[in-house]
Amino acid sequence: MSSDDQYYYDEDTETALDKVKRLFVENRVVSAGVGLTIAAFIGASYGVRTGRREFAQHMFRARVGFQFFTLAALLGGGMFYDKKRKEERVALEQNRIELSRMAALDDQKSV
């Protein structure tokens with residue numbers, strides 16, 4: 001199994017949760033966004049506990065920004081990888097058709 005085959009999926013049987021999991025594996029930007037969101041949340045919690053209101057407010061705003069970034073990366077990655085998969089499927093189908101034509105020509109020549 002090649003490295004590309006490990007990400008193969010069947011869109012007829014894939015659930016929404018499976019798709020999100022697959023996109024996290026395929027799209028490292030999403031994982032980075034989630035990590036930054038968690039870091040900003042921890043920073044905001046720290047700011048609230050230590051009484052540093054301004055720092056906490058900045059961290060809360062950063063968290064919201066990172067969440068937006070994560071969603072944008074998730075949606076963008078999803079559209080990109082879906083388009084890529086469809087192109088690969090079309091190329092595979094064309095390759096299959098060409099191989100079947102060549103096999104039919106070989107059969108005709110051998111007769």
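The values are calculated or read from the model by the stated rules, or taken from the named source; none is laboratory data. Computed from a predicted model, the values in this text were never measured in an experiment. Positions of Cβ are generated from backbone atoms using ideal geometry, with glycine treated the same way; all protein chains shown enter the neighbour counts. Quick note on the areas: whole protein, heavy atoms, side chains included, nothing else; ligands and nucleic acids left out. Shrake-Rupley method; radii C 1.70, N 1.55, O 1.52, S 1.80 Å.
Okay, here's what the table says:
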item	result
Residue pairs meeting the criteria (Cβ under 9 Å; at least 6 apart or on separate chains; first touching a residue at least 40 places away in the same chain (Cβ under 8 Å), in the range 81-107; second among the hydroxyl-bearing types (S, T, Y))	Y81/Y7; R85/Y7; R85/Y8; R85/Y9
Per-region count, the range 42-86, residues over 26 Å from D18 (Cβ atoms) and assigned to a helix (DSSP H, G or I)	22
F69 vs. criteria at pLDDT 80 or above, open to solvent by 100 Å² or more (accessible area, probe 1.4 Å) and touching a helix residue (DSSP H, G or I) at 6+ places or on another chain (Cβ under 8 Å)	no
Residue in the range 42-59 that is surrounded by fewer than 14 Cβ atoms within 10 Å (Cβ to Cβ) and modelled with pLDDT under 90 present	no
Residues that are open to solvent by 80 Å² or more (accessible area, probe 1.4 Å) and basic (K, R), drawn from the range 15-26	K21
Residue, nearest to A72 (Cα to Cα), within the range 27-41, restricted to residues that are more than 17 Å from the chain's Cα centre (by Cα) and open to solvent by 50 Å² or more (accessible area, probe 1.4 Å)	L36
